[in-house]
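J.: Before I ask anything, let me first share the structure, which is written out below as structure tokens.
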Amino acid sequence: MWRIDLEAGDEGGGVELLSPDEEARAARLATARGRTRFRRARIALRRLLGAYLGLPPGELVLEYGEHGKPHLTGGAQGYLPPLFFNLSHSGHLALFAVGESGEIGVDIERIRPLTYPGRLARDHLSAEEQELSPDWSTVAARPEFFRIWARKEAILKGAGLGLSRPLGRVDTIRGVLDGRSWWLLDLLPEDGFAGAVACTRAPAAVRRWSWP
């Protein structure tokens with residue numbers, strides 16, 4: 001598990017590693033800061049994958065599924081057993097999860113004020129999840145709301161579904177989606193953020209590093 005600081009590093013360093021599709025996605029973002037953070041997240045992803053695979057980052061071929069989940073294609077997969085990974089970023093931080101235990105999803109959320117938090121809880125949390133807070137409209141309830149939200153997105157991203165499934169169908173208390181069980185771990189990447197990682201099989205160990 002890697003925590004990535006998107007405010008660190010040289011401006012534009014490594015942009016030559018990005019694919020035309022990734023550069024096009026960055027260009028569509030509304031702000032210069034957003035474009036820089038997106039590029040740095042994808043550059044870190046490629047450099048870290050290259051280190052795990054023993055390949056130059058520029059040789060990696062990444063494709064994205066229907067709902068945005070990245071996976072390796074081409075020659076890289078011929079060198080090592082399949083490597084499962086996922087990336088998420090929010091604000092100035094990103095999380096990169098990688099392993100060999102099974103499909104992985106990761107999500108990070110900046111804890112922030114919400115418009116109509118009570119309605120969001122009713123629409124997207126299960127009845128059991130809603131009971132975890134007496135009043136979702138309070139400031140004190142925000143960390144718990146985003147903890148649950150990160151768990152839901154981690155499972156959906158691990159399954160390669162993005163937000164194509166209603167969030168209420170993701171059971172974060174038992175870690176279940178569509179009858180399939182997921183191993184879940186809450187993450188605290190920094191004050192003011194919530195995160196979670198989900199995997200189809202429990203890993204033997206979880207190791208944590210920071211980048212750069």
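J.: Take Phe193 and tell me if it is among the aromatic types (Phe, Trp, Tyr), within 15 Å of His124 (Cβ to Cβ) and touching a helix residue (DSSP H, G or I) at 6+ places or on another chain (Cβ under 9 Å). First the steps, then the outcome.
T.: Details: among the aromatic types (Phe, Trp, Tyr): yes; within 15 Å of His124 (Cβ to Cβ): no; touching a helix residue (DSSP H, G or I) at 6+ places or on another chain (Cβ under 9 Å): yes.
Considered against the rule, which asks whether it is among the aromatic types (Phe, Trp, Tyr), within 15 Å of His124 (Cβ to Cβ) and touching a helix residue (DSSP H, G or I) at 6+ places or on another chain (Cβ under 9 Å), Phe193 comes out as no.
J.: Let me ask something additional. Do we find that Ala205 is out of contact with any Ser or Thr (no Cβ under 7 Å at 6 or more places or on another chain), open to solvent by less than 30 Å² (accessible area, probe 1.4 Å) and either closer than 18 Å to Arg3 by Cα or at pLDDT 95 or above (or both) in this structure? Steps first, please.
T.: Working: out of contact with any Ser or Thr (no Cβ under 7 Å at 6 or more places or on another chain): yes; open to solvent by less than 30 Å² (accessible area, probe 1.4 Å): no; either closer than 18 Å to Arg3 by Cα or at pLDDT 95 or above (or both): yes.
In short, no.
J.: Continuing with this model, one more query. Any residue that is under 28 Å from Pro82 (Cα atoms), surrounded by 14 or more Cβ atoms within 10 Å (Cβ to Cβ) and in contact (Cβ under 8 Å) with a residue 60 or more places away in the chain - is there at least one of those in the range 144-153?
T.: Checked against the condition, which is being under 28 Å from Pro82 (Cα atoms), surrounded by 14 or more Cβ atoms within 10 Å (Cβ to Cβ) and in contact (Cβ under 8 Å) with a residue 60 or more places away in the chain, the range 144-153 yields at least one hit.
J.: Within the range 98-153, track down each residue that is over 30 Å from His71 (Cα atoms), assigned to a loop (DSSP other than H, G, I, E, B) and out of contact with any Gly (no Cβ under 7 Å at 6 or more places or on another chain). Full working, then the answer.
T.: Narrowing the range 98-153 to residues over 30 Å from His71 (Cα atoms): 112-123, 126-144.
Checking the rest, the ones that are also assigned to a loop (DSSP other than H, G, I, E, B) come to 112-116, 126, 131-138.
If the condition is that a residue be over 30 Å from His71 (Cα atoms), assigned to a loop (DSSP other than H, G, I, E, B) and out of contact with any Gly (no Cβ under 7 Å at 6 or more places or on another chain), then Arg112, Pro113, Leu114, Thr115, Tyr116, Glu131, Leu132, Ser133, Pro134, Asp135, Thr138 are the ones that fit.
J.: Against the condition open to solvent by 20 Å² or more (accessible area, probe 1.4 Å), out of contact with any helix residue (DSSP H, G or I) (no Cβ under 8 Å at 6 or more places or on another chain) and not aliphatic (A, V, I, L, M), how does Arg119 come out, does it pass? Give the derivation first.
T.: Details: open to solvent by 20 Å² or more (accessible area, probe 1.4 Å): yes; out of contact with any helix residue (DSSP H, G or I) (no Cβ under 8 Å at 6 or more places or on another chain): yes; not aliphatic (A, V, I, L, M): yes.
Considered against the rule, which asks whether it is open to solvent by 20 Å² or more (accessible area, probe 1.4 Å), out of contact with any helix residue (DSSP H, G or I) (no Cβ under 8 Å at 6 or more places or on another chain) and not aliphatic (A, V, I, L, M), Arg119 comes out as yes.
J.: Report, by residue number, each residue of the range 154-182 that is open to solvent by less than 70 Å² (accessible area, probe 1.4 Å) and assigned to a strand (DSSP E or B).
T.: So the first thing to find is which residues in the range 154-182 are open to solvent by less than 70 Å² (accessible area, probe 1.4 Å), and the list is 154-162, 164, 167-168, 170-172, 175-177, 182.
Correct list: Val170, Asp171, Val176, Leu177.
J.: Determine whether Arg35 is farther than 28 Å from Ile148 by Cβ and either open to solvent by 70 Å² or more (accessible area, probe 1.4 Å) or part of a helix (DSSP H, G or I) (or both).
T.: Working: farther than 28 Å from Ile148 by Cβ: yes; either open to solvent by 70 Å² or more (accessible area, probe 1.4 Å) or part of a helix (DSSP H, G or I) (or both): yes.
So Arg35 fits the description; yes.
J.: If you don't mind, there's one more thing I want to ask. Output the residue which, of all residues in the range 10-30 that are open to solvent by 80 Å² or more (accessible area, probe 1.4 Å) and in a loop (DSSP other than H, G, I, E, B), is farthest from Arg46 (Cα to Cα).
T.: Looking at residues that are open to solvent by 80 Å² or more (accessible area, probe 1.4 Å) and in a loop (DSSP other than H, G, I, E, B), I get Ala30.
J.: Still on this structure: Using beta carbons and a limit of 9 Å, which pairs, at least six apart or on different chains, have the first residue in the range 25-43 and hydroxyl-bearing (Ser, Thr, Tyr) and the second one modelled with pLDDT under 95?
T.: As it stands, the answer is Thr36/Glu7; Thr36/Glu11; Thr36/Gly12; Thr36/Ala26, since those pairs meet every condition given.
J.: Cβ contacts < 6 Å: first residue assigned to a loop (DSSP other than H, G, I, E, B), restricted to the range 186-205; second residue open to solvent by 40 Å² or more (accessible area, probe 1.4 Å), any location; separation 6+ or different chain. Result?
T.: Matching pairs, first to second residue: Pro189/Arg3; Gly192/Ile111; Thr200/Glu103; Ala202/Trp183.
Conditions tested, residue by residue: (1) open to solvent by 20 Å² or more (accessible area, probe 1.4 Å); (2) closer than 21 Å to Trp2 by Cβ; (3) at pLDDT below 95.
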position: Leu60; (1), (2), (3): no, yes, yes
position: Glu66; (1), (2), (3): yes, no, yes
position: Pro70; (1), (2), (3): no, yes, yes
position: His89; (1), (2), (3): yes, yes, no
position: His92; (1), (2), (3): yes, yes, no
position: Arg110; (1), (2), (3): yes, yes, no
position: Thr115; (1), (2), (3): yes, no, yes
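J.: Right, another one. Please go through the range 54-72 and give me each residue that is touching a residue at least 40 places away in the same chain (Cβ under 8 Å) and part of a helix (DSSP H, G or I), ordered by number.
T.: Pro57, Gly58
The values are calculated or read from the model by the stated rules, or taken from the named source; none is laboratory data. Model, not experiment: these values are computed from the prediction. Please note: Cβ atoms are built from the backbone with ideal geometry, for glycine as well, and neighbour counts cover all protein chains shown. SASA here: full protein model, heavy atoms, side chains in, ligands and nucleic acids out. Shrake-Rupley method; radii C 1.70, N 1.55, O 1.52, S 1.80 Å.
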